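Step one of this worksheet: look at the structure below.
Each value in this text was obtained by applying a stated rule to the coordinates, not by laboratory testing. Because the structure is a prediction, the values reported are computed rather than measured. Using ideal geometry, Cβ is built from the backbone for each residue, glycine included, and neighbour counts are taken over all protein chains shown.
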Amino acid sequence: MSFFEAEDPAFSTFVLGNAPLKKLAGGFDWVEGPVWFGDHDCLLFSDIPNNRILRWSPTLGVSTFREPSNFANGNTRDREGRLVTCEHGERRVTRTGHDGSVTVIADRYDGKRLNSPNDVVVASDGAIWFSDPHYGIASDYEGTRSEQELPCNVYRVDPRSGEIRPVLTDFNCPNGLAFSPDERRLYVADTGRMFSDDPRHIRVFDVGDDWALSGGEVFHVISPGCADGMRVDAAGNLWSSAGDGVHCIAPDGRRLGKILVPETVSNICFGGRHNHRLFITATTSIYAVSLAIRGAGRRA
Ligand code: MG
């Protein structure tokens, strides 16, 4: 039985019939934050409870990139190819320079400490957008239980001034973020507060010329499970983590199909030689599958 489950004929055009869903490595606790470094032919990803960022390469397998990682979660690259990382432990977003030096991008707003930055994207103007739910400070599992000082917002860091500003303030717990290819839309997952019955869904915002957000209606409700990390392909479809794998959602909100994965998926990213290989972090393992469609650039 195929691990591809088409629910719309369009989905079949994204699928390479004989491409395997390959388990690349396993034995982790909760993997997240995958990011592809084509220039180093490797994937970086976080193993959050084990306080480390790991590196997988097709020739060398898994090695340690950073340990301790301050309970790092989401990772991405900025416009200069530098690593940008969300850290639960230090409650901050950092940038790692090409020389390995670490710079703090954001750790406070209005004099108060951030909660536990979770996921991050960099827009074409170089601005860094990140979500700040409470998961990393709500227990001692993915960080250290600590007092919450700020609401769970989405923030934008201005690329010129470095100023940090809340741009979404009506979420319970914002999580994964993804821009559409033309950056006229921003998708943000709300995964709800821990130990609550908060709704879990993906909302969509219109992005104005000045990057101001409007709208914000519910775009799609993932089931089973919920949307954590998400990415957009070159045609504007949203690929979302889900309880039973990865779901592909059309720009109109319809689910087109699924990639069934044996473990709960936390996050995904496009990578590989032609940016058409989908890397999947799923609970204790990482997987990959080649698709017949490419990711929307490195940033999406
Ligand atoms: Mg996340």
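Suppose every K and R has +1 on its Cβ and every D and E has -1 on its Cβ; what is the size of the dipole of the stretch 130-239 about the Cα centre, in Debye to the nearest 20?
160 debye
Could you list which residues have their amide H under 5 Å from that of G33, counting only those 5 or more apart in sequence or on another chain, with H placed in the peptide plane?
Distant-sequence amide H within range of G33: S46, N75.
If eta is 1.306 mPa s and T is 10 °C, what Stokes-Einstein diffusion coefficient results for the stretch 33-93, Kirkwood Rh from Cα pairs, in µm²/s?
Estimated via Stokes-Einstein, D reaches 138 µm²/s.
Mind jotting down a quarter of the surface of the convex hull over the alpha carbons of the stretch 168-300, in square nanometres, one decimal?
Working: hull surface 32.3 nm².
Hull-based average projected area comes out at 8.1 nm².
Once phi is turned into ³J(HN,Hα) by the Karplus curve 6.51 cos²θ - 1.76 cosθ + 1.60 with θ = phi - 60°, what whole-Hz value does each residue of the stretch 70-76 show in order, with x for glycine and proline?
Once θ is set to phi - 60°, the couplings for the stretch 70-76 become 6, 6, 4, 10, x, 9, 7 Hz.
Looking at the chain, what % of the alpha carbon pairs are farther apart than 25 Å?
Counting every Cα pair in the chain, those more than 25 Å apart make up 41 percent.
Which of F4, V157, Y135 sits closest to the plus end of the dipole of the chain, meaning its Cα is farthest towards the positive end, when Lys and Arg get +1 and Asp and Glu get -1 on the C-beta?
Farthest towards the positive end: F4.
Could you give the length gained on full extension between R108 and D209, defined as 0.36 nm per residue of separation minus the Cα-Cα distance, in nm?
Residue separation times 0.36 nm, minus the Cα-Cα distance, leaves 33.7 nm.
With just the Cα atoms defining each centre, how far is the stretch 249-271 from the stretch 128-174? Give it in Å.
24 Å
Placing unit charges on C-beta atoms (Lys and Arg positive, Asp and Glu negative, everything else neutral), compute the dipole magnitude of the chain about its Cα centre in debye, rounded to 20.
Dipole about the Cα centre, nearest 20: 680 debye.
Please give the peptides 255-267, 193-205 ranked by average Cβ packing (other Cβ atoms within 10 Å per residue), highest first, as a rough proxy for protection.
Highest mean packing first, the order is 255-267, 193-205.
For the stretch 282-289, in order, what is each residue's ³J(HN,Hα) by Karplus, 6.51 cos²θ - 1.76 cosθ + 1.60 with θ = phi - 60°, in whole Hz (x at glycine and Pro)?
9, 6, 9, 9, 10, 10, 8, 8
Using +1 on the beta carbon of Lys and Arg, -1 on that of Asp and Glu, and nothing else charged, what's the dipole of the stretch 20-91 about the Cα centre, debye to 20?
140 debye
Which whole-Hz ³J(HN,Hα) couplings does the stretch 50-60 yield from phi under the Karplus relation 6.51 cos²θ - 1.76 cosθ + 1.60, θ = phi - 60°, glycine and proline marked x?
8, 6, 8, 9, 10, 10, 10, 10, x, 9, 9
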